[in-house]
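The values are calculated or read from the model by the stated rules, or taken from the named source; none is laboratory data. Keep in mind that what you see is a predicted model, and the values were worked out from it rather than measured. A quick note on method: Cβ atoms are made from the backbone with ideal geometry, for glycine too, and the neighbour counts reach across all protein chains shown.
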Amino acid sequence: MLMRTVIFASIAAALATQVPSLFLAMSPQPADTPVSANYVSAAPDQAAAPSPIAGSGSMRLQADAQGHFNGDFKINGKPVQGMIDTGATYVALNESLARRLGYGGNQLDFRYAVNTANGQTKAAHVTLDRMEIGGIRVQGVEAFVLRDDALSQTLVGMSFLKKLDSYSVADGALSLKQ
């Protein structure tokens, strides 16, 4: 119990130090200003299948054994596994996925400095045409693309969540509503 409390306090303290970066990162930044992505590069775990709530525009995801919310998204019409990360300012994808989604060449200008759980790296800013999960569909989602070695999985951050009417966690499940 004490170990859990210490771990929780450590995570809370780390997140508290990133709140100013969150507000600075909400608008496009000049090339020399760091942007906080606030995410971890972890391998996805097996999770219960997400289920749409009756009626379109709602989705419910069960937490996996580590308390993470993973889901099957579509980005620009292509299937993508993603983990919801409320600590991330933007959606974060790796370069291979971005290229599979049609972003390449001049669209991937790795000029933004971003802070991650693994240290600082460079990222490219893109705007995703659309993101979907279940009956939820949003357009114009800002994202950062990181090099493959800096990001092992897609993280769905606040640039997606803030476009929803609401999201909440209760009884080990995350409910999303559009």
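Among the residues making up the range 113-149, those that are farther than 30 Å from SER175 by Cβ and at pLDDT below 95 are ALA113, ASN118, GLY119, GLN120, THR121, LYS122, ARG147, ASP148, ASP149. Just to verify a result, which residue in the range 95-111, among those that are more than 17 Å from the chain's Cα centre (by Cα) and in contact (Cβ under 8 Å) with a residue 40 or more places away in the chain, is surrounded by the most Cβ atoms within 10 Å (Cβ to Cβ)? Across the range 95-111, the extreme among qualifying residues is TYR103.
Taking the listed residues ALA92, ALA65, ALA88, the one that is free of Cβ contacts under 8 Å to residues at least 40 places away in the same chain and among the hydrophobic types (A, V, I, L, M, F, W, C) is ALA65, with no other qualifying.
Anything in the range 135-162 that is of a type in the set (A, V, I, L, M) and either without any contact (Cβ under 8 Å) to a residue 12 or more places away in the chain or more than 14 Å from THR116 (Cα to Cα) (or both)? List them, or say none.
If the condition is that a residue be of a type in the set (A, V, I, L, M) and either without any contact (Cβ under 8 Å) to a residue 12 or more places away in the chain or more than 14 Å from THR116 (Cα to Cα) (or both), then ILE136, VAL138, VAL141, ALA143, VAL156, MET158, LEU161 are the ones that fit.
The set of residues from the range 93-129 being out of contact with any strand residue (DSSP E or B) (no Cβ under 9 Å at 6 or more places or on another chain) and part of a strand (DSSP E or B) comprises just one member, GLY119. Could you tell me whether any residue of the range 79-92 is charged (D, E, K, R), under 14 Å from the mean Cα position of the chain (by Cα) and outside any strand (DSSP E or B)? Yes.
Is it the case that VAL145 is surrounded by 17 or more Cβ atoms within 10 Å (Cβ to Cβ) and part of a strand (DSSP E or B)? Here the answer is yes, as VAL145 does meet what is asked. If you go through the range 148-178 and keep only what is assigned to a helix (DSSP H, G or I) and of a type in the set (Asp, Glu), you end up with ASP148, ASP149.
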